[in-house]
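Notes follow the structure.
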Amino acid sequence: MVKNHFNQIIPDVEKSLHTSLTQGLNDDQVKKRREKYGNNAIASKKKTSMFMRFVDQFKDFMIIVLIIAALLSGVVAHEWTDAAIIMIVVILNAVLGVFQETRSEEAIDALKKMSTPNAHVRRNGTVLEIPSTEVVPGDIVLLEAGDVVPADLRLTVAKSLKIEESALTGESVPVDKSNETLQDKKVALADQINMAFSSTNVTYGRGEGIVIGTGMHTEVGKIATMLNNTDETDTPLKQNLNQLGKILTIMILAICAIVFVVGLITKRGTEPTDKLVIDMFLVAVSLAVAAIPEGLPAIVTIILALGTQTMATHKAIVRKLPAVETLGATDIICSDKTGTLTQNKMTVEKIYYRGRTHGTDHEVHADNPAILSMILANDTKIENGGNLLGDPTETSLIQYAFDQNIDVQNLLRNHPRIQEVPFDSERKLMSTINKYGDKYYVAVKGAPDQLLKRVTSVSINGQVSPITDEQKQDILAANQNMAKKALRVLGLAYKIVDKTYNDPTTDNVEQDLIFAGLVGMIDPERPEAKEAIKEAHSAGIRTVMITGDFQVTAQAIAERLGILKLGQDKRVITGAQLDELSDDYFKKHVSDYSVYARVSPEHKVRIVKAWQANDKIVAMTGDGVNDAPSLKQADIGIGMGITGTEVSKGASDMVLADDNFATIVEAVKQGRKVFSNIQKSILYLMSCNVGEVLTVFMMTMLGWDILAPVQLLWINLVTDTLPAIALGVEPVEDGVMKRKPRGKKSNFFSGGVASSIIYQGILESVLVLGAYLIGLKIGPHVNNPVMQHGDGLTMAFLTLGLIQLFHAFNSKYIHQSIFRKETFAKKWFNWAILISALVMACVELPFMTRFFDVTELNGQQWSVVLGAGVCMIIIVEIVKFFERKVGKE
């Protein structure tokens, strides 16, 4: 099939597709073309089965490490309980992952559902109604108001034809179509006025066209191809967890190997060699299991799941769990204009009459000729409930009259339409002849420049007088002022005649008109969007506007929203200008542009990729079919729940239930909270695990008694669960939206977390080893060498467990002091620590001491254990104080 049919004359298109405008295709041609091109439907790539999605959950590096740890715990160490717990965590994590992602590939299915069930085509010289799936290239398709275009067409007839293309091109108002041949070789999709595209809607008039593309060869099909070929980008969360898993594995294996070898050397001769090898291997395996935070994937999943619930209460529906955290890392929000930053509803903003421009708060009466002309020269249908059906521009005029408390329906009844001259894209005017007492009122509306050519008089304060050149210049100046503010301007005129016309045409109806006024309309910005953009800016997040509208409209809306300052024309670029830039140049200069106008789906993907090439995390909002590829390409795609197509929702990671841009900012806040809480949980878990590893390592190196595998696993089981989850549900910290985005290269160890893990782990180990040494010197068994070592190990065991619970309070704030009322305000956190402490201390119950091989401690020994926990808090607080002094936070 030939490309660029928009700049081919109609006979050439007819010839290249071997068809006939008058006869259409014959049956033989249809059969051959269906065999060649297949059904007029969207193809989709093979879906991943539920089983394979479940298997894919186990490909994460951290999960693989946990599975190996579980196998070693069970098979080698015979700790089947701990092995079972690890596997339950792993399987639960996989199930939750599959549950969240079962609908992530619905975009192509939604594209399939968009096609109209029937189409009117001319075949064998006869007009037939057939299923749209049976349309083939070369078919002659007939269109009328209410139809959905079944395939891509080169228009051959366009009678007052208007097609609503916002879902495909982003154009906010229906496009006036024509059959004229375009001369330029490159024309943006939104400017191809002689083309009709599959799945768009005919809102006015009628037309005919030759099918030049079906199925995957349509513009919608191109989007489906882009969706199929778009690689899923790894979220920062996945990248961070994979990185964490690799670092942990290398470190832990190295330390365990050292512990095993050193243990064999230092304890040689104390017991038979074969028994010593087994014992030290069990210690090494237990240490590995203790060091790996096996609860981390489950805790992260729980934190993310709770985050999705919180976001849902704020009207943000998260479809994929990692998207919660990704939002918090967002650097750039690439936002579609129509329906996202604006209301997707044309609204009258200015009206000009009697030489002055007025706002919508100015009262206008029903007898004003401007009001009468905009109501009568209007095809809007008013339903009983007051709903308005019709062209968005015309419905905005009726809504304006409603807002002026004018009884429109009564006015229409008193002035019924008798004749009309329908709108035509060439003359750009529409006229109606309505009953007006014993006379007739000719109401005219259309393009101001075309209207003024037919105006000879002007009405001022009810007096009609010939229009002067000065008055015409004033009208043109008012028109230009409105246009500069991106208003779509219509001229209004009228005249009163004694009788109707035998043959109403532009030559007799639209002559000798009386100028009534101008009306300026716009798709206005959402009231809350400007404040949301301001808040995003304070959080270091840049908003970039992308639209299919014209440059002047895009720039004006961007200025009103605060995306651009007045006069920043160089920050606005069109799709055609973008095509002239090389990929390398654009990647280097993408930050120069804040507004993109007249863009195609390919442009949107290119913009997202350019920002990503600069290591920026990009969120993309959109509601149309044309947004789907860029929504999928972005780090997080945000669809619109109300105005959004099913295609855009299916390609999104998150859907806004209220289509409110401000909801994105609230979701970012929640995303930042989620990351902060995961970071707190990791700080807590990792510093505790470092403490455990160092404790066993130093005990081995010094030739001391070593904590038993069952003791290490018990500590891990008790302290790694409830406290870590409790940290994960901490409320949003003050000032979280005053921080800059953390950056793509940051990870869970950024912001001083890594150094905190190291020094706090060392501190924990030192305090535990100190408790062990003190345990050898105090208590009732000082003179009993066997029991004396038992006391020391028991104190080390309990100190290592309970000190971690004290440390959980430290972890509530990475750099800030915990001495504030908010620290103890969360009852769930307090209960989590209390329950964990009681479970940890239960090893001292008489029937438990033998199982854990511990002694019963007296009051003096318990005071040392608890004192170590208090010391942990005090020393960490002192370090935090100096960190704040040097500005580390």
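Looking at the structure I just gave you, is Val590 surrounded by 18 or more Cβ atoms within 10 Å (Cβ to Cβ), in contact with a strand residue (DSSP E or B) (Cβ under 6 Å, 6 or more places away or on another chain) and either at pLDDT 95 or above or not small (Gly, Ala, Ser) (or both)? No.
Of all residues in region 752-774, those satisfying the criterion of being touching a residue at least 24 places away in the same chain (Cβ under 8 Å) and in contact with a Gly (Cβ under 9 Å, 6 or more places away or on another chain) are Gln760, Gly761, Ile762, Leu763, Glu764, Ser765, Leu767, Val768, Ala771, Tyr772, Ile774.
Give me a count of the residues in region 161-197 that are modelled with pLDDT of 85 or more, part of a loop (DSSP other than H, G, I, E, B) and under 19 Å from Gly624 (Cα atoms). Number satisfying all stated conditions: 2. If you go through region 410-448 and pick out every residue that is at pLDDT 90 or above and either in a loop (DSSP other than H, G, I, E, B) or among the charged types (D, E, K, R) (or both), you end up with 11. When region 336-369 is filtered for residues that are in contact with a Ser or Thr (Cβ under 9 Å, 6 or more places away or on another chain) and among the hydrophobic types (A, V, I, L, M, F, W, C), the ones remaining, listed by number, are Leu341, Met346, Val348, Ile351. Of all residues in region 604-618, those that are touching a Gly at 6+ places or on another chain (Cβ under 8 Å) and of a type in the set (A, V, I, L, M, F, W, C) total 0. When Pro629 is tested against (1) in contact with an Asp or Glu (Cβ under 6 Å, 6 or more places away or on another chain); (2) in a helix (DSSP H, G or I), exactly one condition is not met: (1).
Among the residues of region 502-548, which ones are of a type in the set (A, V, I, L, M), outside any strand (DSSP E or B) and out of contact with any helix residue (DSSP H, G or I) (no Cβ under 6 Å at 6 or more places or on another chain)? Matches in region 502-548: Val509, Ile541.
Of Leu798, Leu769, Leu727, Leu793, all but one fail to be assigned to a helix (DSSP H, G or I), touching a Lys or Arg at 6+ places or on another chain (Cβ under 8 Å), in the same structural domain as Ile873 (by TED's automatic domain parsing) and crowded, with 16+ Cβ neighbours inside 10 Å; the exception is Leu727. Considering Ala493, Ala486, the condition of being on the phi > 0 side of the Ramachandran plot and in contact with an Asp or Glu (Cβ under 9 Å, 6 or more places away or on another chain) is satisfied by Ala486 alone. Being without any contact (Cβ under 8 Å) to a residue 60 or more places away in the chain, within 30 Å of Asp569 (Cα to Cα), of a type outside the set (Lys, Arg) and in contact with a strand residue (DSSP E or B) (Cβ under 8 Å, 6 or more places away or on another chain) holds for only one residue in Val519, Val489, and it is Val489.
State whether the residues of region 378-387 include one that is farther than 26 Å from Lys439 by Cβ and assigned to a helix (DSSP H, G or I). No, region 378-387 has no match at all. Of all the residues in region 203-244, those that are modelled with pLDDT of 85 or more and outside any helix (DSSP H, G or I) number 10. Considering Asp184, Asp152, the condition of being surrounded by fewer than 24 Cβ atoms within 10 Å (Cβ to Cβ), charged (D, E, K, R), in contact (Cβ under 8 Å) with a residue 24 or more places away in the chain and farther than 22 Å from Met346 by Cβ is satisfied by Asp184 alone. Candidates Ile522, Ile563: the one that is at pLDDT below 95, out of contact with any Lys or Arg (no Cβ under 6 Å at 6 or more places or on another chain), farther than 27 Å from Leu490 by Cα and crowded, with 20+ Cβ neighbours inside 10 Å is Ile563.
Filtering region 551-590 to residues that are among the small types (Gly, Ala, Ser) and touching a residue at least 24 places away in the same chain (Cβ under 8 Å) leaves Ala554, Ala556, Ala558, Gly562, Gly575, Ala576.
Within region 773-790, the set of residues being part of a helix (DSSP H, G or I) and over 21 Å from Val839 (Cα atoms) comprises Leu773, Ile774, Gly775, Leu776, Lys777, Pro785, Val786, Met787, Gln788, His789.
None of Leu838, Leu857 is farther than 18 Å from Ser765 by Cα, assigned to a helix (DSSP H, G or I), in the same structural domain as Thr719 (by TED's automatic domain parsing) and among the aliphatic types (A, V, I, L, M) except Leu838.
Thr249 falls short of the stated requirement of being at pLDDT 80 or above and not aliphatic (A, V, I, L, M).
Scanning region 369-415 for residues that are within 17 Å of Tyr441 (Cβ to Cβ), of a type in the set (S, T, N, Q) and buried (at least 20 other Cβ atoms within 10 Å of the Cβ) yields a count of 2. The sole residue among Val710, Val618, Val693, Val655 that is surrounded by fewer than 23 Cβ atoms within 10 Å (Cβ to Cβ), of a type outside the set (Asp, Glu) and under 11 Å from the mean Cα position of the chain (by Cα) is Val655.
The values are calculated or read from the model by the stated rules, or taken from the named source; none is laboratory data. For clarity, every value in this text was computed on a predicted model and none was experimentally measured. For neighbour counting, all protein chains shown are included, and Cβ atoms are generated from backbone atoms with ideal geometry for every residue, glycine included.
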